[in-house]
1. Roughly how many nanometres apart are two label points built 7 Å out from the Cα toward the Cβ at residue 58 and residue 80?
2. How large is the accessible surface of residue 74 in square angstrom, using a 1.4 angstrom probe and rounding to the nearest 10?
3. Rank 148, 36 by accessible area, highest first, at a 1.4 Å probe radius?
4. Output ³J(HN,Hα) for the range 169-175: one whole-Hz value per residue in order, computed from phi by the Karplus curve 6.51 cos²θ - 1.76 cosθ + 1.60 with θ = phi - 60°, and x for Gly and Pro.
5. Tabulate in residue order the Karplus-calculated ³J(HN,Hα) for the range 26-36, using 6.51 cos²θ - 1.76 cosθ + 1.60 with θ = phi - 60°, rounded to whole Hz; enter x for Gly and Pro.
6. Keeping all protein chains in place and using 1.4 angstrom, which order do 139, 112 fall into by accessible surface area, from largest down?
7. Residues of the range 80-95 with amide nitrogen under 15 Å from the 7 Å Cα-to-Cβ point of residue 40?
8. Per residue of the range 139-156, in order, report the coupling 6.51 cos²θ - 1.76 cosθ + 1.60 (Karplus, θ = phi - 60°) as ³J(HN,Hα) in whole Hz, putting x for Gly and Pro.
Amino acid sequence: MTTRSQVAAAQAGVVAGVGIVLLAVLLVVRVGAFPTADGISYLDLSDAALEGRWHEFVSAYWSPLFPACIGAVRSLVGTAPGRESLATGLVNIAAAASSAAFFASLLRSLSLRGILRGDGTVVRAAHVVCWSAFAGVVLRISPATLSTPDLLVFAAQLAALAALMRAGAAARSGRFAFALGIALGAAFLAKGALLVLSGTYLVALALLVPRARL
């Protein structure tokens with residue numbers, strides 16, 4: 001049963017998530033997205049997508065999700081040179097917002113399973129630490145001003161973890177296992193190296209969820 005302390009911690013988490021995303025928006029508005037060497041390559045790929053040059057867009061080295069998202073946003077905000085930084089920043093802001101939502105879902109699942117359960121002070125302190133670590137990733141380690149797919153990868157992994165925890169707790173876990181597969185697919189499209197890491201999520205799913213519940 002959800003306690004009053006857990007409800008208060010969840011509400012505070014919503015405030016924290018919104019606040020962190022707003023700070024990410026402020027960074028993008030004031031600074032824009034840094035044109036790193038990788039970022040320029042992703043912009044070139046987004047050009048190829050916008051112009052239908054799919055033989056150039058498909059690459060054995062660069063993963064397609066980030067430039068595809070940039071191309072989609074550029075088709076809405078315009079393709080002028082000054083809009084490239086804005087489009088990249090908007091993609092990262094969307095990834096940061098998605099990360100915050102999936103992180104809140106993960107914390108709620110941990111709370112319902114008793115991992116973040118305790119008296120009011122303990123629960124609040126745990127949530128403060130968790131959201132502080134989240135802020136460190138979104139605002140410092142992989143900020144929205146960085147023109148790389150790192151925030152997309154972060155969002156996909158949090159989505160996978162949230163789906164995994166929900167699958168472990170649900171009476172019928174099939175739809176959450178399906179959501180886990182979608183999240184892992186997105187992670188692979190964001191960065192190909194995630195294909196190897198995805199195997200650990202599938203092992204965890206097999207350990208948490210008997211076949212009868214899938």
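The values are calculated or read from the model by the stated rules, or taken from the named source; none is laboratory data. Being a predicted model, the structure only gives us computed values, none of them experimental. Cβ sites come from the backbone with ideal geometry, for glycine too, and all protein chains shown count toward neighbours. With ligands, DNA and RNA removed, areas are computed over all heavy atoms of the protein, side chains included. Shrake-Rupley method; radii C 1.70, N 1.55, O 1.52, S 1.80 Å.
1. Distance between the two pseudo-spin positions: 3.5 nm.
2. The value for residue 74 is about 10 Å².
3. Working: 148 20, 36 40 Å².
Heavy-atom accessible area, descending, gives 36, 148.
4. Rounded to whole hertz, the list is 9, 7, 5, 10, 9, x, 5.
5. Whole-Hz 3J(HN,Hα) from phi for the range 26-36: 4, 4, 5, 5, 7, 10, x, 9, 5, x, 6.
6. Numbers: 139 50, 112 90 Å².
Listed by decreasing accessible area, they come as 112, 139.
7. 85
8. Per residue, the Karplus-derived 3J(HN,Hα) values read 9, 10, 6, 10, x, 5, 8, 9, 8, 9, x, 4, 5, 5, 4, 4, 4, 5 Hz.
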